[in-house]
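Working notes, structure below.
Read-outs throughout are calculated quantities, based only on the coordinates presented, and are distinct from any laboratory measurement. Nothing here was measured: the structure is a model prediction, and the numbers come from that model. Heads up, the Cβs are rebuilt from the backbone with ideal geometry, glycines too, and the neighbour counts pull from every protein chain shown.
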Amino acid sequence: MGIISRGFGGRRRESIPGLPPGQYLTHDFPVLSAGPTPRVPLDRWHFTVTTETGEQRRWTWDEFSALPHDDVTVDIHCVTKWSKLGTTWRGVALDTLLDEVETAADFAMVHSFGGYTTNVPLEDLLDGKAWIVDSFDGEDLAPEHGGPARMLVPHLYFWKSAKWVDGLRLMHEDEPGFWEAAGYHMYGDPWLEQRYQGD
Ligand SMILES: Nc1nc2c(c(=O)[nH]1)N[C@H]1C(S)=C(S)[C@@H](COP(=O)(O)O)O[C@H]1N2
Ligand SMILES: [Mo]
């Protein structure tokens, strides 16, 4: 009987609070980029929201920097199975930016300098669930991690957190972004292990 229960215990994965199923903890910060790191000078940086009717609202770096910033401590989860708990960022809540935009859209396509895209339901960007961050761990966000500014949508797999973000296109219908068109899940909830289409 002792042997049976020991075998059982050895197979059971200890569950770590905050760690979604199938993930392991990492303490370093891996870099995952599908292409080269775009270098965006701050005087050419902009963030543009395009609504479903084609109206645009654009912020320069100085305008973005002047918006109220929040300190955010969150866990992040990459679909390649690493998770990093308690990461600290500083950025502007999407609520602050989208407050100035009139829309009836339900989805957003997030766009980056360099051409990366990823789709997110608009409600997942609102109510304090997403930020455009320009600082990590008390320092300016490093270029390889998306600096000068990236999206942070920590409740979804980290591919939804577009680096070098340059805008949002608001849409009535959901459309796949870069990884979603290659077979990744349209939503990407790490707690439901929504890694690939069909999960
Ligand atoms: N523009 C852009 N954003 C991106 C990516 C990318 O290739 N290009 N990779 C995504 C993926 S798959 C992950 S896991 C995270 C990695 O962020 P990191 O390199 O800061 O760890 O960025 C996401 N955002
Ligand atoms: Mo990823």
Fill in the blank from the handout: Here the gain from full extension of residue 55 to residue 172, 0.36 nm per residue of separation minus their alpha-carbon distance, amounts to 40.7 nm
Handout entry: 13 Å beta-carbon shell around residue 138, net charge (K/R +1, D/E -1)
Key = -4
Problem - Rg over Rh [alpha-carbon atoms, Kirkwood Rh] for segment 69-114 - result: 1.06
Fill in the blank from the handout: Rounded to the nearest 5, the percent of antiparallel DSSP beta bridges in the chain equals 85 percent
Exercise for the section: Quickly estimate the mean residue ellipticity at 222 nm for the chain, helices only: each DSSP H run with n ≥ 4 gives -39500 (n - 2.57), and the total goes over all residues, rounded to 500. Expected result: -3000 deg cm²/dmol
Practice task
Using only Cα atoms, tell me the angle between helix 2-11 and the longest principal axis of the chain; keep it within 0 to 90° and round to the nearest 10.
Solution key: 20 degrees
Exercise for the section: Kindly rank 106-115, 138-147 from highest to lowest mean number of other beta carbons found within 10 Å of each residue. Expected result: 106-115, 138-147
Fill in the blank from the handout: Expected sort for 22-32, 123-133, 77-87 on mean C-beta neighbours within 10 Å, highest first, is 123-133, 77-87, 22-32
Completion exercise
The farthest towards the positive end of the charge dipole of the chain, of the residues 92, 59, 155, given +1 on Cβ of Lys and Arg and -1 on Cβ of Asp and Glu, is 155
Exercise for the section: On each of the three principal axes of the Cα atoms of segment 1-160, give max minus min coordinate, whole Å, ordered largest first. Expected result: 70, 34, 29
Problem - Full-stretch length increase - residue 31, residue 80 - with 0.36 nm per residue and alpha-carbon distance subtracted - result: 16.5 nm
Fill in the blank from the handout: Check: C-alpha center segment 143-199 vs C-alpha center segment 64-107, spacing in Å is 12 Å
